[in-house]
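Structure record follows, encoded as structure tokens.
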Amino acid sequence: GMHTLLDIIGGLVLVSLLMIVVIPLVDFVDHFQLTCIYSPLIILSASIAMAILYPQSDRRSPARGDTTIILGTGSGIYLGAWLNFQLGIIRGPGLPPPYQIIWPDYTLIGLALLRASIGILCIVASRAFFKSLSYAIVCYVLRLNPKALETKQKTVVEMSYKFITYITIGIMITYISPIVFRFLNIERITMFTEV
């Protein structure tokens, strides 16, 4: 493939060192993200800053666009979770741990497959819609011809429409899809206590 054995070993070592620092902070960061009123502003600012500060390449590469997709999706997931918490949709569990394991039966498996199918359809539809809409809006704001090939290859255009599209997908995953599932009465009963 694309990576050598040393790349993989180096990556595993770096991830192991990073986990030693990150794991003790997870509960604090999670609580802060859900409860702080300024959390969306911080998340968006940090994600946009990381996308802008991404190192320039001397030749065209999809890496910057892929990174923008990851940042947009992650931001959308966090914003959707923040909305759920702020609106009282998700809350902490009513009982202290340990929790009983709910083993899936055929009904739960069927509902999970139905939710996955509907969720994927929602994501595909929202991606198609918001990709076209955000691209058109970015081209309009920047006064660029949306039909020109060089327009789509401009860094600011590519990063903007990808970030907007994928932040919407993240919100769709964590906020809109569960609302659809609740409306259809196929929601996962423990979803709203997973804080």
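Do any residues in segment 99-124 that are farther than 21 Å from Ile176 by Cα have Cβ atoms under 9 Å from those of residues that are among the acidic types (Asp, Glu) and in a helix (DSSP H, G or I), where the two are at least six apart or on different chains, and which pairs are they?
Note: no pairs meet the criteria.
Scan segment 104-131 for residues that are more than 12 Å from Thr168 (Cβ to Cβ) and either under 22 Å from the mean Cα position of the chain (by Cα) or not assigned by the TED database to the domain that holds Ile179 (or both) and report the count.
Initial filter on segment 104-131 (more than 12 Å from Thr168 (Cβ to Cβ)): 104-121, 124.
Retained after the next criterion (residues that are either under 22 Å from the mean Cα position of the chain (by Cα) or not assigned by the TED database to the domain that holds Ile179 (or both)): 112-121, 124.
Residues flagged as more than 12 Å from Thr168 (Cβ to Cβ) and either under 22 Å from the mean Cα position of the chain (by Cα) or not assigned by the TED database to the domain that holds Ile179 (or both) within segment 104-131 amount to 11.
Take Ser39 and decide whether it is surrounded by 13 or more Cβ atoms within 10 Å (Cβ to Cβ), modelled with pLDDT of 95 or more, of a type in the set (Gly, Ala, Ser) and more than 24 Å from Gly65 (Cα to Cα).
Details: surrounded by 13 or more Cβ atoms within 10 Å (Cβ to Cβ): yes; modelled with pLDDT of 95 or more: yes; of a type in the set (Gly, Ala, Ser): yes; more than 24 Å from Gly65 (Cα to Cα): yes.
Yes: the conditions hold for Ser39.
Residues in segment 7-22: is at least one part of a helix (DSSP H, G or I), in the same structural domain as Ile169 (by the TED database) and either more than 15 Å from Tyr166 (Cβ to Cβ) or out of contact with any helix residue (DSSP H, G or I) (no Cβ under 8 Å at 6 or more places or on another chain) (or both)?
No, segment 7-22 has no match at all.
Yes or no: segment 59-71 includes at least one residue that is assigned by the TED database to the domain that holds Pro93, in contact with an Asp or Glu (Cβ under 6 Å, 6 or more places away or on another chain), closer than 21 Å to Ile164 by Cβ and in a helix (DSSP H, G or I).
So in segment 59-71, the residues assigned by the TED database to the domain that holds Pro93 come out as 59-71.
If we keep only those that are in contact with an Asp or Glu (Cβ under 6 Å, 6 or more places away or on another chain) as well, we get 65.
Pick out the ones that are also closer than 21 Å to Ile164 by Cβ and you get 65.
This time we only want the ones that are in a helix (DSSP H, G or I), so: 65.
Within segment 59-71, one or more residues are assigned by the TED database to the domain that holds Pro93, in contact with an Asp or Glu (Cβ under 6 Å, 6 or more places away or on another chain), closer than 21 Å to Ile164 by Cβ and in a helix (DSSP H, G or I).
Scan segment 28-58 residue by residue and report those that are in contact with a helix residue (DSSP H, G or I) (Cβ under 6 Å, 6 or more places away or on another chain) and either among the charged types (D, E, K, R) or part of a loop (DSSP other than H, G, I, E, B) (or both).
Tyr54
The values are calculated or read from the model by the stated rules, or taken from the named source; none is laboratory data. Just so it is clear, the model here is predicted, and its values are computed rather than measured. Glycine also receives a Cβ, built like all others from the backbone with ideal geometry; neighbour counts cover every protein chain displayed.
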